[in-house]
Amino acid sequence: MDIKAVRGTRDILPEENVKWHYIERVVKNIFPKYGYMEIKTPIFEKTELYIRGIGETTDIVEKEMYTFLDKKGRSLTLRPEGTAGVMRAYLEHKMYVTSQISKLFYIGPMFRYERPQAGRYRQHTQIGAEAIGSANPFLDAEIISMLITVFERLGLQNLNVQLNSVGCRDCRPTYKAKLQEFLTKRQDELCEDCKSRLTRNPLRILDCKVPSCKAILSEVLDISDFLCTDCSTHFDLVKKYLDQVDIKYVRNKFLVRGLDYYTRTVFEISYENLGSQNAVAAGGRYDNLIEELGGPPMPGIGFAMGLDRLVLALDDQKVLFPKEETDVFIAMMGEETVSQTFSLVHLLRKKDIHAEVLYGDKNLKSQISYANKIGSKFLIIIGDNEISRGVVTLKNMVTTEQTEVNFYEVLGVIQDELVKMKSKKI
Ligand code: HAM
């Protein structure tokens with residue numbers, strides 16, 4: 001068959017899924033302790049939501065959306081990110097009426113028509129969190145610290161936390177105008193993309209990676225000199241709280257992020273060894289977004305981490321993921337033993353014991369080598385000879401001790417042995 005996965009998409013095979021599940025388990029353990037509950041929103045939304053939410057002049061909306069018409073001619077888009085959909089759900093269900101603060105998290109695929117490369121896919125998966133209802137810088141520092149707690153728990157080190165404030169709708173326009181004025185004088189030196197950004201979205205020029213643009217940016221004015229008193233105080237407090245709990249960060253005056261909804265705090269966490277696509281998580285405050293989508297004035301903040309990149313970073317750091325362990329493998333020998341084996345595995349699994357068998361008529365040697373390969377803790381051998389005597393052979397694969405046990409007692413013996421093994425481990 002010559003049909004392959006679509007460019008920029010990939011299969012997550014079972015070995016990698018072990019890692020995904022582990023990350024999800026860690027997240028699902030930590031997030032609720034900060035008050036976040038899971039929300040699931042549809043994978044596609046009305047295109048208009050993203051245009052209004054993310055911003056018409058962003059790369060995502062201009063170039064990267066998977067937009068299509070449904071059978072009734074309505075324009076729909078596969079979600080390129082999670083925040084807009086969560087805000088839509090927040091408004092649609094009027095969560096602000098029943099709750100003073102809504103803390104929501106989500107896990108799911110996002111779709112962007114970007115040029116595929118290592119760590120950048122057209123379908124990628126994000127784990128995101130959004131907190132709506134407070135403008136307090138406490139929340140900014142708390143959400144960053146939650147993210148760091150997740151990374152620490154996963155064992156991910158060598159992270160670089162970058163922080164900036166992009167101001168608010170009162171102070172940002174002055175900076176934008178100054179920036180525009182400065183860059184217009186130097187527009188001949190800008191790359192083609194930035195020339196067009198100059199009138200439509202000049203702030204985006206700040207994080208352009210083209211060397212000629214970067215050279216000009218070293219001379220550019222710092223947004224922190226233009227922040228209004230409220231934004232400046234807010235940013236100082238975020239930094240103070242992070243310092244208090246010893247979270248290291250670097251202030252990056254060029255960090256503006258590629259989505260238009262941000263106000264005040266923005267942040268990005270990167271793992272250097274991943275090359276050019278090294279951001280493993282990013283986010284920021286969006287105090288006007290809900291209002292812009294037609295809701296009440298309601299501040300919010302959030303982030304999303306890229307699960308695909310997180311796995312790459314953890315692999316790079318050779319972090320070991322806990323594997324599902326096989327408790328017992330049952331080798332069956334001969335036609336007569338199949339139905340007994342079926343009953344035994346059924347009973348073992350009912351008691352929450354991980355039992356495996358090989359269904360084909362493999363010889364004993366290859367069944368035992370399979371038991372070894374999967375690292376089973378116990379091996380049970382059931383042959384015609386054993387059946388006629390009402391026993392099975394039970395081998396502890398760790399100590400290599402081997403005994404004969406009554407067929408009806410083997411379940412209890414294994415349960416006891418597993419408990420003993422567990423207590424020794426502890
Ligand atoms: P974002 O920076 O566009 O932010 O994406 C968040 C994370 O998703 C990135 O840091 C990266 O790890 C991962 N990611 C993004 N694009 C790709 C891709 N093409 N391939 C692989 N991984 C990717 C947002 O999406 C915002 N909604 C985050 C947010 C939530 N801000 C506030 N709340």
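The values are calculated or read from the model by the stated rules, or taken from the named source; none is laboratory data. This is a predicted model, so every value here is computed, not measured. All Cβ positions, glycine included, derive from the backbone under ideal geometry; neighbour counts span all protein chains shown. Areas reflect the complete protein model, heavy atoms only, side chains present, ligands, DNA and RNA absent. Shrake-Rupley method; radii C 1.70, N 1.55, O 1.52, S 1.80 Å.
Just to be sure before I move on: is I23 in contact (Cβ under 8 Å) with a residue 40 or more places away in the chain and over 30 Å from L198 (Cα atoms) in the structure I sent?
yes
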Scanning segment 401-421 residue by residue, those hydrophobic (A, V, I, L, M, F, W, C), closer than 18 Å to K351 by Cα and touching a residue at least 12 places away in the same chain (Cβ under 8 Å) turn out to be F407, V410, L411, V413, I414, L418, M421
Per the list (1) of a type outside the set (G, A, S); (2) in a strand (DSSP E or B); (3) surrounded by 14 or more Cβ atoms within 10 Å (Cβ to Cβ), residue check on R52 breaks on (2)
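On the given criteria, is K33 under 24 Å from A131 (Cβ atoms), free of Cβ contacts under 8 Å to residues at least 12 places away in the same chain and surrounded by 13 or more Cβ atoms within 10 Å (Cβ to Cβ)? Step through it out loud before you land on a result.
Numbers: under 24 Å from A131 (Cβ atoms): yes; free of Cβ contacts under 8 Å to residues at least 12 places away in the same chain: yes; surrounded by 13 or more Cβ atoms within 10 Å (Cβ to Cβ): no.
Considered against the rule, which asks whether it is under 24 Å from A131 (Cβ atoms), free of Cβ contacts under 8 Å to residues at least 12 places away in the same chain and surrounded by 13 or more Cβ atoms within 10 Å (Cβ to Cβ), K33 comes out as no.
Please return the ranges of helices (runs of 4 or more DSSP H) entirely within segment 75-188 where 2 or more residues are under 18 Å from the mean Cα position of the chain (by Cα) and among the aliphatic types (A, V, I, L, M). Walk me through how you get there before you give the answer.
On the way: elements: 83-92, 95-98, 137-154, 172-185.
It comes to 83-92, 137-154.
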Flagged in segment 353-385 as touching a residue at least 24 places away in the same chain (Cβ under 8 Å) and among the acidic types (D, E), in numbering order, are E356, D384
Pairs returned, first residue in segment 60-72 that is free of Cβ contacts under 8 Å to residues at least 24 places away in the same chain, second residue that is in a loop (DSSP other than H, G, I, E, B) and open to solvent by less than 70 Å² (accessible area, probe 1.4 Å), beta-carbon separation under 7 angstrom, 6 or more apart or interchain, are V61/G55
Per the list (1) more than 9 Å from the ligand (Cβ to nearest atom); (2) under 16 Å from S165 (Cβ atoms); (3) surrounded by 18 or more Cβ atoms within 10 Å (Cβ to Cβ), residue check on V250 breaks on (3)
Could you tell me whether any residue of segment 178-188 is touching a residue at least 40 places away in the same chain (Cβ under 8 Å) and more than 30 Å from Y22 (Cβ to Cβ)? yes
Note on segment 153-175: residues under 29 Å from T233 (Cα atoms), out of contact with any Ser or Thr (no Cβ under 6 Å at 6 or more places or on another chain) and surrounded by fewer than 17 Cβ atoms within 10 Å (Cβ to Cβ) are R169, D170, P173, T174
The strands (runs of 3 or more DSSP E) lying entirely within segment 359-416 that contain at least 2 residues which are under 39 Å from the mean Cα position of the chain (by Cα) are 378-383
